[in-house]
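The numbers here are math on the coordinates, done by the rules we state, and not lab data. Computed from a prediction, not measured in an experiment: that's the story for all the values here. Positions of Cβ are generated from backbone atoms using ideal geometry, with glycine treated the same way; all protein chains shown enter the neighbour counts.
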Amino acid sequence: MNLILLGPPGAGKGTQSDWLRDTYNLRKLATGDILREAAASGSDLGNHVKEIMASGKLVSDDIMINLIRECISAPSSANGFILDGFPRTLAQAEALDTMLKEEGKKLNHVIELEVDDAILVGRISGRYSCAKCGAGYHDDYRKPAKVGVCDSCGSVEFSRREDDNASTVSKRLEGYHAMTAPLLPYYETRGILKSVDGMAGIDEVSRQLKAILAA
């Protein structure tokens, strides 16, 4: 089962892709994680990625496609994968399709998490994470079971991204609508696009996802 989750920043893609990974034993492929793993791998491609990232430049689509190719060919992707954060543009979607065809694979579902932009600003502004293990939390929606203590590793140190503020979030949403929203009709014409109510609670969104995958 090979999936793509689409939605603007703060739509809950990370939370739901974690749930899908654990529930269906899929490989989660989040763009940031792929790049960090590659940079730490010591491979020729990984070292090239490390140099690009160190220079502050963006990794090209070709390199990103090759990194994804390596990931989906690994034994850990035997049951399928979830792409979170890629593709972001129509050109990337087309390149991904070409690569998957070459690898004898295909997308089963592209699922959009539909959300309200205004509410997203509040969602993202309230996000923070464990400074040690990276587990994510929110001031209102996802607090640690014990105040000030990470559920995953027990650390008491947390951090917030500097760009998780209303102004930056609004610009990121504009970028999403301009670049990524055109992916929706692209996948809709292929009959693999589905939508869920991203404004619902976490468990309800998971239920909707489960219903799509069971159909």
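Could you list which residues have their amide H under 5 Å from that of Lys194, counting only those 5 or more apart in sequence or on another chain, with H placed in the peptide plane?
Amide H to amide H, under 5 Å and 5 or more residues apart or across chains, Lys194 pairs with Val110, Ile111, Glu112.
Quick check on the chain: helices-only [θ] at 222 nm, where DSSP H runs of length 4 and up contribute -39,500 (n - 2.57) each and the sum goes over total residues. Nearest 500, please.
-14500 deg cm²/dmol
Taking 0.36 nm per residue of sequence separation and subtracting the Cα-Cα distance, how much length would be gained by fully extending the chain between Arg142 and Asp197, in nm to one decimal? Please report the intermediate quantities before stating the final value.
Values: separation 55, 0.36 × 55 = 19.80 nm, distance 1.83 nm.
The span from Arg142 to Asp197 would gain 18.0 nm if fully extended.
Taking +1 at the Cβ of each Lys and Arg and -1 at the Cβ of each Asp and Glu, which of Tyr187, Gly154, Ser125 sits farthest along the dipole of region 102-209 towards its positive end, judged by Cα position relative to the Cα centre?
Gly154
So, counting K/R as plus one and D/E as minus one, what does the shell of residues with Cβ under 14 Å around Met99 add up to?
Here the count lands on -3.
Over region 96-211, what is the mean sequence separation of C-alpha contacts under 8 Å (at least six apart), divided by residue count, expressed as relative contact order in percent?
32 percent.
Rg(Cα) of the chain divided by 2.2 N^0.38 Å? Mind showing how you got there, number by number?
On the way: Rg = 17.4 Å, N = 215, 2.2 N^0.38 = 16.9 Å.
For the chain, the normalised Cα radius of gyration is 1.03.
Using a 4.7 Å Cβ cut-off, which Cys residues in the chain lack a partner cysteine?
Isolated Cys, the chain: Cys71.
Could you tell me, in Å, what Rg and Dmax come out for the Cα atoms of region 1-91?
Calculated on Cα positions, Rg and Dmax stand at 13.3, 38 Å.
Which residues does the label zone of Ala74 cover in region 14-37, counting backbone N under 17 Å from a point 7 Å along Cα→Cβ?
18, 21-22, 25-37
If the reach is capped at under 20 angstrom between alpha carbons, list the aspartates and glutamates near Lys101, excluding any in the same chain fewer than eight residues apart.
The reachable aspartates and glutamates, counting only those whose Cα sits under 20 Å from Lys101, are Asp61, Asp62, Glu70, Asp84, Glu188.
Note the full-extension length gain between Ser159 and Ala135 as 0.36 nm times their separation in residues minus their Cα-Cα distance, in nm to one decimal. Write down the numbers at each step before the final one.
Values: separation 24, 0.36 × 24 = 8.64 nm, distance 1.05 nm.
That works out to 7.6 nm of additional length.
For Glu37 paired with Thr168, estimate the spin-label separation in nm (one decimal), with each label point 7 Å from Cα along the Cα-to-Cβ line.
In this crude label model, Glu37 to Thr168 measures out at 2.6 nm.
List the pairs from Lys50/Lys106; Lys50/Lys210; Lys106/Lys143; Lys143/Lys210; Lys57/Lys194 whose alpha-carbon separation is above 27 Å, in the order I gave them.
As for pairs spanning more than 27 Å Cα to Cα, those are Lys50/Lys106; Lys50/Lys210; Lys106/Lys143; Lys57/Lys194.
How high is the FRET efficiency between Asn66 and Glu204 when r is their beta carbon distance and R₀ equals 30 Å, given to the nearest 0.05?
0.20
Could you tell me how far the Cα centroid of region 117-136 sits from the Cα centroid of region 166-195, in Å?
20 Å
Could you put Ser77, Ser125, Ser167 in order, starting from the residue whose Cβ has the fewest other Cβ atoms within 10 Å?
Ser167, Ser125, Ser77
Chymotrypsin sites (Phe, Trp or Tyr not before Pro) within region 116-178: which are DSSP loop residues with at most 15 other Cβ atoms inside 10 Å?
Hits after loop and neighbour filter: Tyr141.
Return the FRET efficiency for the residue pair Leu90, Lys57: r is the Cβ-Cβ distance, R0 is 25 Å, and the value is rounded to the nearest 0.05.
0.70
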